[in-house]
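See below for the structure under consideration.
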Amino acid sequence: MASGTDPHGSHGGEHHILPLGVYWAVFLALVVGTILTVWSATIDLGRLNVIVALLIASVKAALVILYFMHVKYSSRMVWIFAAAGFFWVAIMILFTMADFASRSW
Amino acid sequence: MSADHAHALPAGVRPPTYHHFEDLAQQEESEKLGMWAFLITEVMFFGALFTAYTVYRNLYPEAFMDASSKLNWKLGAVNTLVLIVSSLTMALAIRAAQTGKYSQVIWQTVATMIFGATFLVVKYFEYMHKYHDGLMPGPTLFFTDVFGEHTPQARIFFSIYFAMTGLHAFHMVVGLGILTWVLIKARKRYFTPDRYLALENVGLYWHFVDLVWIFLFPMLYLLGAHYGLGH
Amino acid sequence: MTGSTDMGSMATTTGHAAAEAPRETYLTNGYGWKSWFLTVDHKRIAILYLISVTFFFLIGGLFAVLMRLELATPRADVVDAETYNRLFTMHGVVMIFFFLVPSIPAVLGNFLVPIMIGARDLAFPKINLLSWYIYVVGGIFTLIVAVSGGVDTGWTFYTPYSSTYSNSQVALTAVGVFITGFSSILTGLNFIVTIHKMRAPGLTWFRLPLFIWAQYATALIMVLGTPVLATTIFLVALERIFRIGIFDPTIGGDPVLFQHLFWFYSHPAVYIMILPGMGVISEVISAFSKKRVFGYSFVAFSSLAIAILGFMVWGHHMFTTGQSVYASMVFSVLTMLVAVPSAVKVFNWAATLYKGSIELTTPMLYALAFMGLFTIGGLTGVFLGIMAVDRHLHDTYFVVAHFHYVMVGSMVMAFLCGVHFWWPKMFGRMYPEFLGRFAAIIVFVGFNLTFLPQFVVGFQGMPRRYHVYPEEFGVMNLLSSAGASILGAGYILPMFYLAWSLKWGKKVGPNPWEAKGLEWQIESPPITHNFHGPVRVTEEAYAYGEEPTHGHATNTHGQKEATSVR
């Protein structure tokens with residue numbers, strides 16, 4: 001599909017003026033997430049500390065991406081682009097760690 | 001724009017700003033996709049540092065905890081909140097442009113810049129503190145050996161800390177520059193309900209910088225929190 | 001040559017009276033230096049790139065000449081070890097970052113991507129110009145390095161040598177490479193957005209020329225990989241200047257991490273250096289067999305498969321480092337997998353040739369050479385991807401020969417192929433066909449004479465990156481140096497006759513090769529906005545054979561068009 005001249009294309013944003021409440025709700029969730037992160041770090045969970053911290057950070061990141069960055073209301077192409085970077089960083093980290101983690105085997 | 005572009009556009013299709021586009025929709029879609037492609041490159045820039053972090057953190061977990069507890073987690077948390085607020089005001093500035101509230105665009109932008117600058121000021125004091133404590137690696141700088149046997153590996157932690165937060169702070173400084181441009185344009189009522197894409201793209205950049213910090217904060221500041229809290 | 005004799009008849013079909021009168025083209029649209037150095041026309045920027053990559057090719061070639069001169073005899077009689085280290089490093093840095101990476105994307109891609117998709121320009125013309133300036137600034141840094149003593153780390157900048165021990169211009173080179181990386185990133189970004197958003201109505205993804213698919217895959221790698229190189233090089237510079245210790249083993253840093261980050265970019269970068277060439281070959285093979293490329297969608301998807309799989313094989317450069325043997329096994333298996341899409345392409349080109357009406361023009365000779373040499377280069381790559389074999393062959397001349405078969409035997413061939421094929425389109429004049437074919441044969445012979453012996457000495461165990469070697473390797477190295485001189489002559493020749501043809505070459509019409517594709521339906525050279533009116537595409541790429549039953553129309557200038565005008 002040549003989207004170039006398609007007036008009904010995926011031009012996001014214009015039809016999606018989010019209600020103010022959404023922004024404030026996301027903001028509050030981010031603040032709560034930050035407090036949770038700090039609080040969870042004060043408890044010794046062993047290896048789980050990392051996982052909890054990254055989990056909270058990922059949720060916060062997802063909120064920012066979906067609502068503040070309007071990805072939730074954008075075209076599929078934007079979804080793919082937004083995901084691509086993280087996917088490739090995951091490749092980089094996974095394969096590099098595959099080396100470091102299995103050196104002592 | 002150009003004589004070559006004489007063919008009539010269908011009714012209701014607005015002309016683009018640049019002649020090589022067919023219509024404004026194509027131009028705006030291109031600019032938005034271009035911005036996202038740029039953000040991919042940004043993710044990869046930081047990605048390499050995240051990889052280095054992951055490797056060394058797994059190689060030297062104790063040293064990283066020791067070193068991390070020397071960071072001031074309170075200042076880090078404050079900065080996290082400051083950035084979140086600035087992201088909110090940024091998003092609200094875009095919403096103001098979408099709804100044609102011109103004065104709100106201006107003051108939300110100003111608010112974003114103030115919070116951004118606050119972040120950098122806090123960061124500056126943190127850096128100076130680390131410098132005076134001898135925790136900044138460098139050829140002529142003294143690196144403290146308070147970490148005992150972990151000293152070399154702690155040095156790696158601080159190298160990564162300065163590389164990551166330094167690159168992040170650099171992005172903040174660039175962001176403040178772009179926001180200055182936004183402010184100048186906003187005062188001229190440049191951003192309107194049907195022309196706010198540039199502002200939206202600035203917003204994407206700003207949120208991305210916030211996003212990086214959301215990960216940096218727990219990764220760098222909170223590793224040793226459960227036994228080194230409140231140093 | 002059929003192609004060139006037929007163009008007369010083609011020109012008459014254009015039939016408009018203005019054919020003789022001076023016509024406004026992108027070349028005549030402005031003459032001053034500003035009209036070139038401040039241009040945002042993708043075609044002019046392509047010409048700027050053509051001139052600058054040719055310049056760097058000559059610089060890189062000069063280093064190669066000095067190396068082969070030294071290696072002609074087993075003794076050190078031209079340069080000493082220190083100088084030799086700098087020669088091969090500068091050769092690698094210049095050829096990879098300043099010639100191979102930008103060669104086809106920034107020259108032919110810049111010129112052809114908008115035309116092939118029916119657009120007036122790339123999506124971001126100013127960014128396109130900016131990327132050329134960034135390239136030039138990076139190039140100037142590298143030239144400063146060259147005249148201020150050079151750098152001796154090898155183009156791979158392996159730590160800790162580069163970060164701690166080398167006393168050559170590492171930091172300055174790092175800055176040059178870092179800057180040039182942004183040029184590549186911006187080109188890739190521009191291509192991705194252009195190909196997504198600027199296609200003419202009717203030009204669906206599966207109607208795109210395979211050149212566009214290849215450029216798209218290349219652009220993906222540029223955008224995803226290059227930033228990692230930039231960060232890595234940046235860390236090396238930090239390590240050198242501030243002793244941050246990330247790659248310093250004395251304080252627990254791991255130099256192998258550098259190799260991971262470096263090859264995360266640099267192995268995919270190998271595909272940056274070959275995919276665009278494959279795109280050119282698809283176009284040329286089809287045009288001179290007068291057949292649709294066999295298995296179009298397989299060839300198209302193989303480009304994407306190479307781009308994606310290419311990011312998961314980098315560890316095969318590190319079998320002999322401290323990399324875990326289990327990780328090596330995974331990388332080895334994936335390396336063999338990535339050979340599959342490459343083979344798909346070669347088989348499909350061969351199938352395209354089958355029963356085609358083949359014309360052995362200059363571009364076709366280069367394309368056939370590409371197929372043969374790429375097969376050798378690719379297959380020896382599979383040898384090297386096998387862990388046990390790599391133990392023996394790592395850092396020998398076998399590796400040198402292998403990647404030169406891919407980089408030079410394939411990519412430089414493809415570049416020359418594409419430049420010849422689209423030369424009449426770029427400048428409206430034909431190069432001398434006889435000289436073209438002569439040069440193509442010289443290049444082919446010279447290339448094989450240079451690099452085939454290196455497989456042999458490499459297999460016998462001659463290590464790379466030494467300026468002296470045992471007497472027993474003397475004959476092969478002499479052959480190699482002799483071949484290099486032939487190869488050099490083969491490269492110089494086109495520069496002269498192509499320059500000559502700019503003024504005295506035979507004028508050509510829109511479609512001297514009677515090829516399909518939007519670029520052959522507009523004038524040679526094209527006007528600044530490429531097309532006189534809106535373009536609508538109604539047929540597949542490479543619709544050779546029977547006359548299409550639909551979609552023929554006449555545009556405002558009376559050209560026969562396979563596309564119709566809205």
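The values are calculated or read from the model by the stated rules, or taken from the named source; none is laboratory data. It should be emphasised that the depicted structure is a prediction, and the values quoted were computed from it without experimental measurement. Here Cβ is always computed from backbone atoms with ideal geometry, including for glycine, and neighbour counts include all displayed protein chains. Note: areas computed on protein heavy atoms with side chains; ligands, DNA, RNA excluded. Shrake-Rupley method; radii C 1.70, N 1.55, O 1.52, S 1.80 Å.
If the condition is being within 7 Å of chain B (Cβ to nearest Cβ), open to solvent by 10 Å² or more (accessible area, probe 1.4 Å) and in a helix (DSSP H, G or I), then segment C:244-263 contributes only C:251.
Conditions (1) more than 14 Å from chain C (Cβ to nearest Cβ); (2) open to solvent by less than 20 Å² (accessible area, probe 1.4 Å); (3) part of a helix (DSSP H, G or I), marked per residue:
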site	(1), (2), (3)
B:149	no, no, yes
B:158	no, yes, yes
B:178	yes, no, yes
B:206	yes, yes, yes
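Just one of (1) of a type in the set (S, T, N, Q); (2) open to solvent by less than 30 Å² (accessible area, probe 1.4 Å); (3) more than 22 Å from residue C:522 (Cα to Cα) trips up residue C:110, so point out which. Going through (1) of a type in the set (S, T, N, Q); (2) open to solvent by less than 30 Å² (accessible area, probe 1.4 Å); (3) more than 22 Å from residue C:522 (Cα to Cα) one by one, residue C:110 breaks only (3).
Go through (1) open to solvent by less than 10 Å² (accessible area, probe 1.4 Å); (2) more than 12 Å from chain B (Cβ to nearest Cβ); (3) assigned to a helix (DSSP H, G or I); (4) more than 21 Å from residue C:95 (Cβ to Cβ) and name the single condition residue C:191 misses. Among (1) open to solvent by less than 10 Å² (accessible area, probe 1.4 Å); (2) more than 12 Å from chain B (Cβ to nearest Cβ); (3) assigned to a helix (DSSP H, G or I); (4) more than 21 Å from residue C:95 (Cβ to Cβ), residue C:191 violates only (2). Note on segment B:88-113: among residues that are assigned to a loop (DSSP other than H, G, I, E, B) and touching a residue at least 12 places away in the same chain (Cβ under 8 Å), the one that is nearest to residue A:64 (Cα to Cα) is B:99. Residue B:148 versus (1) within 21 Å of the chain's Cα centre (by Cα); (2) on the phi > 0 side of the Ramachandran plot: which is the lone unmet condition? Of everything listed in (1) within 21 Å of the chain's Cα centre (by Cα); (2) on the phi > 0 side of the Ramachandran plot, residue B:148 misses just condition (1).
Where residues in segment A:76-92 are more than 7 Å from chain B (Cβ to nearest Cβ) and closer than 20 Å to residue C:267 by Cα, which of them is surrounded by the fewest Cβ atoms within 10 Å (Cβ to Cβ)? Lay out the reasoning, then the answer.
First, the residues of segment A:76-92 that are more than 7 Å from chain B (Cβ to nearest Cβ): A:76, A:79-80, A:83, A:87, A:90-91.
Subsequent filtering for residues that are closer than 20 Å to residue C:267 by Cα retains A:87, A:90-91.
Numbers: A:87: 15, A:90: 11, A:91: 17.
Looking at the filtered set, the residue picked out is A:90.
Go through segment C:320-332 and give me each residue that's at pLDDT below 95 and away from chain A (no Cβ under 11 Å). Result: C:320, single match. Taking into account only those residues within segment A:18-34 that are surrounded by 14 or more Cβ atoms within 10 Å (Cβ to Cβ) and free of Cβ contacts under 8 Å to residues at least 24 places away in the same chain, which is nearest to the other protein chains (Cβ to nearest Cβ)? Across segment A:18-34, the extreme among qualifying residues is A:27. Among the residues of segment C:296-308, those identified as within 12 Å of residue C:209 (Cα to Cα) and either not hydrophobic (A, V, I, L, M, F, W, C) or not in a helix (DSSP H, G or I) (or both) are C:296, C:297. When B:166, B:138 are checked against the criterion of being free of Cβ contacts under 8 Å to residues at least 12 places away in the same chain, within 15 Å of the chain's Cα centre (by Cα) and either surrounded by 13 or more Cβ atoms within 10 Å (Cβ to Cβ) or within 25 Å of residue B:84 (Cβ to Cβ) (or both), a single residue qualifies: B:166.
Tallying residues that are facing chain B (nearest Cβ under 8 Å) and either of a type outside the set (A, V, I, L, M) or under 14 Å from residue B:43 (Cβ atoms) (or both) within segment A:35-61 yields 6. Filtered by the rule that a residue be of a type in the set (Val, Ile, Thr), out of contact with any Leu (no Cβ under 8 Å at 6 or more places or on another chain) and in a helix (DSSP H, G or I), segment B:180-204 gives B:180, B:184.
Return the only residue of C:288, C:311, C:319, C:331 being surrounded by 17 or more Cβ atoms within 10 Å (Cβ to Cβ), assigned to a helix (DSSP H, G or I) and touching an Asp or Glu at 6+ places or on another chain (Cβ under 7 Å).
On the way: C:311 fails: touching an Asp or Glu at 6+ places or on another chain (Cβ under 7 Å); C:319 fails: assigned to a helix (DSSP H, G or I); C:331 fails: touching an Asp or Glu at 6+ places or on another chain (Cβ under 7 Å).
After applying the criteria, what remains is C:288.
Among the residues here, residue B:143 qualifies as of a type in the set (Phe, Trp, Tyr) and modelled with pLDDT under 95. Against the test of being modelled with pLDDT of 95 or more, surrounded by fewer than 24 Cβ atoms within 10 Å (Cβ to Cβ), over 25 Å from residue C:54 (Cβ atoms) and among the aliphatic types (A, V, I, L, M), the options C:208, C:130 yield a single qualifying residue, C:208.
Of the residues making up segment A:62-73, those that are at the interface with chain B (Cβ under 8 Å from one of its Cβ atoms) and more than 12 Å from residue A:29 (Cβ to Cβ) number 3. Taken over segment B:60-101, residues that are closer than 20 Å to residue A:38 by Cα and open to solvent by 40 Å² or more (accessible area, probe 1.4 Å) amount to 11.
Using the structure shown, decide if residue C:459 is aromatic (Phe, Trp, Tyr), in contact with a Gly (Cβ under 9 Å, 6 or more places away or on another chain) and touching a residue at least 12 places away in the same chain (Cβ under 8 Å). No, not satisfied. In segment C:427-453, the residues that are aliphatic (A, V, I, L, M) form Cβ pairs under 6 Å with partners that are crowded, with 22+ Cβ neighbours inside 10 Å and not in a helix (DSSP H, G or I), at six or more places apart or across chains, as follows: C:430/C:508. Of all residues in segment C:417-438, those satisfying the criterion of being within 28 Å of residue C:482 (Cβ to Cβ) and either under 19 Å from the mean Cα position of the chain (by Cα) or among the polar types (S, T, N, Q) (or both) are C:417, C:419, C:420. Quick check on residue B:129: is it open to solvent by 20 Å² or more (accessible area, probe 1.4 Å), of a type outside the set (Asp, Glu), at pLDDT below 95 and out of contact with any helix residue (DSSP H, G or I) (no Cβ under 8 Å at 6 or more places or on another chain)? Considered against the rule, which asks whether it is open to solvent by 20 Å² or more (accessible area, probe 1.4 Å), of a type outside the set (Asp, Glu), at pLDDT below 95 and out of contact with any helix residue (DSSP H, G or I) (no Cβ under 8 Å at 6 or more places or on another chain), residue B:129 comes out as yes.
Let me confirm something: among C:446, C:509, C:461, which residue is closer than 22 Å to residue C:373 by Cα, open to solvent by less than 60 Å² (accessible area, probe 1.4 Å) and of a type outside the set (Val, Ile, Thr)? So that I can check it myself, show each step before the final result.
Numbers: C:509 fails: closer than 22 Å to residue C:373 by Cα; C:461 fails: closer than 22 Å to residue C:373 by Cα.
None of the others qualify; the one that does is C:446.
Can you tell me which of C:480, C:485 is of a type in the set (S, T, N, Q), surrounded by fewer than 21 Cβ atoms within 10 Å (Cβ to Cβ) and at pLDDT 95 or above? Spell out the reasoning first.
Details: C:480 fails: surrounded by fewer than 21 Cβ atoms within 10 Å (Cβ to Cβ).
Result: C:485 is the single residue among C:480, C:485 that is of a type in the set (S, T, N, Q), surrounded by fewer than 21 Cβ atoms within 10 Å (Cβ to Cβ) and at pLDDT 95 or above.
Put simply, of C:233, C:241 the only residue that is facing chain B (nearest Cβ under 9 Å) and either within 28 Å of the chain's Cα centre (by Cα) or not charged (D, E, K, R) (or both) is C:241.
From the list C:492, C:527, the one residue that fits, being open to solvent by 10 Å² or more (accessible area, probe 1.4 Å), of a type in the set (A, V, I, L, M) and not in a helix (DSSP H, G or I), is C:527.
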